[in-house]
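Everything below concerns the one structure shown next.
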Protein chains: 2
Amino acid sequence: MNLTNASQEQLQNLEQTLAAEFSTIKAKNLSLDLTRGKPSAEQVSLSDSLDGILKGNYTSKSGIDVRNYGGLEGIPEARELGASILGVPASNVLAGGNSSLTLMHQVMTVAHIFGLNGPESAWNKQSSVKFLCPVPGYDRHFSVCEHLGIEMVTVPMTSTGPDMDKVEEMLKADSSIKGMWCVPKYSNPTGVIYSDETVERIAQLGKIAGDGFRVMWDNAYAIHDLTDNPVQLANIFEACAKAGTEDSVIQFASTSKITHAGSGVAFVAASDANLAGFKKSLGFITIGPDKVNQLRHVNFFAEEGSLNAHMKKHAEIIKPRFASVLKHLEEAFGDNDLGAWESAEGGYFISFDTRPGLAQEVVDMADEAGVKLTPAGATFPYGNDPQDSNIRIAPTVPTVEQVDEAMQVFVLCVKLASVRQALKNA
Amino acid sequence: MNLTNASQEQLQNLEQTLAAEFSTIKAKNLSLDLTRGKPSAEQVSLSDSLDGILKGNYTSKSGIDVRNYGGLEGIPEARELGASILGVPASNVLAGGNSSLTLMHQVMTVAHIFGLNGPESAWNKQSSVKFLCPVPGYDRHFSVCEHLGIEMVTVPMTSTGPDMDKVEEMLKADSSIKGMWCVPKYSNPTGVIYSDETVERIAQLGKIAGDGFRVMWDNAYAIHDLTDNPVQLANIFEACAKAGTEDSVIQFASTSKITHAGSGVAFVAASDANLAGFKKSLGFITIGPDKVNQLRHVNFFAEEGSLNAHMKKHAEIIKPRFASVLKHLEEAFGDNDLGAWESAEGGYFISFDTRPGLAQEVVDMADEAGVKLTPAGATFPYGNDPQDSNIRIAPTVPTVEQVDEAMQVFVLCVKLASVRQALKNA
């Protein structure tokens, strides 16, 4: 389907055909959902042996009775699990509670209000505080900034990560920029893996920006590969150590999309100085994390290689869903310019761009036909997609058949909205 | 032992005898610890069937698959558990993560920085923000205020709760006072249960203070009785409803000293308006609590009456330890004025007051003899006990024999310090 050279009459005919198809589909009263970046019931079932795994032994190998208070950093074995996921020394990892979002909010709050390096280092001592947000990005990152009153400045995502020329330029021009959100592997939502060059340039940012600058490196999909030989993400911790900028990046991960979502273990990895500064504030907030659950997770992945084997099982469940999305997109838009997307090889999302001005309309039409999509604009700060073109597709929760059905609706809505727009502009 | 009418010579002889005793004990190289308000290994063992209790069934009675994201308020059954502990409707309870301290810090942060009732209601919009702290009290309450930069103003604890005449007077005189910390049952550390009159007067405080005033009602020992017929704490939620001050009190509890400490479920109970305001901010901080662990706790106490029966087992373990402390205090100081204490009938602490000016010395001497005590001053804001007389005794962790041994050292240190002070003042 190519609209560029279509005549007015061709467009009208096409509109009628597609509108009729839409009516037929609407009559089916579908109820499908492509909104949620969460694991399916089949996926969480992979970890059901977690409950009961301790078999009455509540003492960690390191000799800690996990049933009692204490241990702000988590048990050593859990810190090692986080270290293996993030590729850093265990001594630089804090194993926390069930939510990496909470850890991110806490780190941002400490940096902004209490100061990661003493009260005087708090960002809010300055009249203006800004954060770089590669777009499209993750709405919950943006809402943390919104909650704290930190102004968001967007920078475009490319196929190799954030547009680093722009990032460097902006940092040089504006010292009120205090950090940047990053999902470096299978970026939410574009699925991009940051290139080695991007990682290296991010590690250098601490030299351009001032002392207070912190990249929030949310490696949520660090081991969530869908292929057997995934592209390796360069190690930012090592790159920063080499550049002497170790304080400029703080990393996060969790087991939420590994074991049970919302009932796992979250991790923060940071330089010695950052970790010390964070722990100073964290000690006012909690006596320590749920160590029993940490021990469960440690036992669950105790066997060498079991973490990898476990992630392969997730991949087997997710792959056909991703394949279905990509097949529909390829068939419908592979030979035309009605949409653009990346072929994600991991993570939880496929990001789709309509022609400018159509995302909201497509989401509304799909909703009318019984297919829920993530709200248009959600992948941009303040919910404002200036092009009104980005839609995040999250296919993990529905069955393969449901994904197939929902994607038929989706491509139809994109086509119909595009044709109507072309008619209007003709 | 009565020092009041003792001659200089009698005091000197006494000092020599006690000093010799002290040397003998020091030579034993003891290593005992009365510092920690935490359950013993025997106590936490009572709940070891928690792990594995789900037997593969991860769906709550209310139909929630607890293995996935969502549900900011916790599962309905966990909210009911919190409601039964705090004596409020389940709809006014939020069941959270593993730490009531975290919930308290979050509520205080929201009230102070983000506003429980919209941004304009944030305490920090005012130039001066103060909090009433009944003393002696709980150091971790005080440190939350310190972290947030809220000035603490002390008010004395009496045998019926905070000195309410003083509280009312201070509130009338100073509108910058935004709240008060309370541990209403088995108060930390004095063990006092607030009288019905105190509860009623606290429920009326919202009428004296302004809209922003919030009592932080930490009912940490709500069901932690050591006697069969405990004194009942009046219901503050109902008293506030009657007084029309339901927004002025926010309640907290947790299962930390019921099941596994630091791996349980924490609760906040509040008016509809407070809960809505809190949830608005909480939604930026987390996607939801660990619902799997909530379901474990619900199942653990599913049988009618099992919570009470469980708490009786705790009481059986704690009682002899409390009895040992009280026996030693009674024997040593029952007939003189060297010390004062309450006979706590629940909770985790016995609060002891030396003659003024001796707490630090007693703590140091005990340490020299191998008995660790909570640092002198810890029960006061900024660690500053103006009388230098309060010492918090926490006897739950050591064995009964260890408590006995440690208390022999303790009373000896108090006697010796008192005699030396008397000699100096003679």
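A short reminder: the numbers here are calculations on the coordinates, not readings from a lab. Because the structure is a prediction, the values reported are computed rather than measured. A quick note on method: Cβ atoms are made from the backbone with ideal geometry, for glycine too, and the neighbour counts reach across all protein chains shown.
So what's the angle, to the nearest 10 degrees on a 0 to 90 scale, between helix B:100-109 and the longest Cα principal axis of chain B?
Here the helix axis deviates by roughly 70 degrees.
State the dimensionless ratio Rg/Rh of chain A (Rg: radius of gyration of Cα atoms; Rh: Kirkwood radius).
1.00
Just check the range B:197-303 against the gyration tensor rule for me: Cα atoms, a ≥ b ≥ c as the square roots of the eigenvalues, rounded for a/c under 1.5, and otherwise prolate or oblate depending on whether a/b exceeds b/c.
oblate
Roughly how many debye, to the nearest 20, is the charge dipole of the range B:60-304 about its Cα centre, given +1 on each Lys and Arg Cβ, -1 on each Asp and Glu Cβ, and no other charges?
Details: 19 positive and 27 negative charges, 130 e Å.
Roughly 620 debye, rounded to the nearest 20.
If you take the Cα Rg of the range A:222-372 and divide it by 2.2 N^0.38 Å, with N the number of residues, what do you get?
The reported ratio for this selection is 1.39.
Could you tally the net charge around residue A:359, taking each other residue with its Cβ under 9 Å from the Cβ of residue A:359, Lys/Arg +1 and Asp/Glu -1?
-4
Please give the per residue volume of the convex hull enclosing the alpha carbon atoms of the range A:1-143, rounded to a whole number of Å³. Mind dumping the intermediate values first?
On the way: hull volume 37.8 nm³, N = 143.
Expressed per residue, the convex hull around the Cα atoms of the range A:1-143 is 264 Å³.
Computed over the Cα atoms of the range A:87-187, what is the convex hull's projected area averaged over all directions, in nm²?
Taking a quarter of the hull surface, the average projection is 7.6 nm².
Please tell me which of these pairs span more than 21 angstrom C-alpha to C-alpha: B:125/B:280; B:185/B:372; B:130/B:172?
Flagged as over cut-off: B:185/B:372.
Taking amide H positions as placed in the peptide plane 1.01 Å from N, state which residues far from residue B:267 in sequence (5 or more) or on other chains have amide H under 5 Å from it.
It is B:96, B:253, B:254, by chain and number.
In whole Hz, with x marking every Gly and Pro, tabulate ³J(HN,Hα) for the range A:294-305 from phi via Karplus 6.51 cos²θ - 1.76 cosθ + 1.60, θ = phi - 60°.
With coefficients 6.51, -1.76 and 1.60, one gets 4, 5, 4, 5, 4, 5, 4, 10, 5, 6, 3, x Hz.
Please list, in chain and number order, the residues 5+ apart from residue B:155 or on another chain whose amide H is under 5 Å from its amide H, with Hs placed from the backbone.
Answer set, sorted by chain and number: B:133, B:135.
From the backbone phi of the range B:345-357, what are the Karplus-calculated ³J(HN,Hα) couplings (6.51 cos²θ - 1.76 cosθ + 1.60, θ = phi - 60°) in whole Hz, Gly and Pro given as x?
These are the phi-based 3J(HN,Hα) values: 10, x, x, 10, 9, 10, 9, 10, 10, 7, 4, x, x Hz.
P(r) for the range A:184-224: what percent of alpha-carbon pairs falls in each 5 Å bin, starting at zero?
Going from the shortest bin to the longest, the percentages are 5, 21, 26, 22, 15, 9, 2.
Amide H of residue B:215: which non-local residues (sequence gap of 5 or more, or other chain) have their own amide H closer than 5 Å, using H built in the peptide plane?
B:180, B:249, B:250
Whole-Hz ³J(HN,Hα) for each residue in the range A:260-270, computed from phi via Karplus 6.51 cos²θ - 1.76 cosθ + 1.60 with θ = phi - 60°, x for glycine and proline: what do you get?
Whole-Hz 3J(HN,Hα) from phi for the range A:260-270: 9, 5, x, 10, x, 10, 9, 10, 10, 10, 7.
Can you give me the angle between helix B:8-27 and the longest principal axis of chain B, using Cα atoms only, in degrees from 0 to 90, rounded to the nearest 10?
Roughly 60 degrees, rounded to the nearest 10.
Got the relative contact order for chain A handy, in percent, Cα pairs under 8 Å and 6 or more residues apart?
Working: 807 pairs, mean separation 112.4, N = 426.
Relative contact order for chain A comes out at 26 percent.
Calculate the translational D of the range B:309-426 in whole µm² s⁻¹ from Stokes-Einstein, where the hydrodynamic radius comes from the Kirkwood formula applied to all Cα pairs, the temperature is 25 °C and the viscosity 0.890 mPa s.
Value of D from the Cα-based Kirkwood radius: 167 µm²/s.
When N is the residue count of the protein assembly as shown, what does its C-alpha Rg come to as a fraction of 2.2 N^0.38 Å? Intermediate values should be presented prior to the final figure.
Working: Rg = 30.4 Å, N = 852, 2.2 N^0.38 = 28.6 Å.
Normalised Rg, Cα atoms only: 1.06.
In nm, to one decimal, how far is the modelled label at residue A:153 from the one at residue B:337, with both set 7 Å along Cα→Cβ?
The modelled label-to-label distance comes out at 7.0 nm.
Report, in cubic angstrom per residue, the convex hull volume of the C-alpha atoms of the range B:124-281.
Considering the Cα atoms of the range B:124-281, their hull volume per residue is 122 Å³.
Can you put B:250, B:150 in order of Cβ neighbours within 10 angstrom, beginning with the fewest?
Starting with the residue having the fewest Cβ neighbours, the order is B:150, B:250.
Could you tell me which of A:75, A:199, A:234 has its Cα farthest along the dipole of the range A:60-304 towards the positive end, charges placed at Cβ (Lys, Arg +1; Asp, Glu -1), taken about the Cα centre?
The residue sitting most towards the positive pole is A:75.
Identify the residue of chain B whose Cβ lies closest to the rotation axis that maps chain B onto chain A, and give that distance in whole Å.
Per the Cβ-to-axis criterion, the result reads B:52, 2.
Any idea how far the Cα center of the range B:130-201 sits from the one of the range A:396-421, in Å?
60
Any idea how far the Cα center of the range B:3-60 sits from the one of the range A:70-87, in Å?
Answer, in whole Å: 32.
Once the label point is set 7 Å along the Cα-to-beta-carbon vector, what list of distances in nm do you get between residue A:238 and its counterparts in the other copies?
6.6
So in the protein assembly as shown, what percent of DSSP beta bridges are antiparallel if you round to the nearest 5? Spell out each step's value before the answer.
Working: 36 of 78 bridges.
Counting only bridges with both partners in the protein assembly as shown, antiparallel ones make up about 45 percent.
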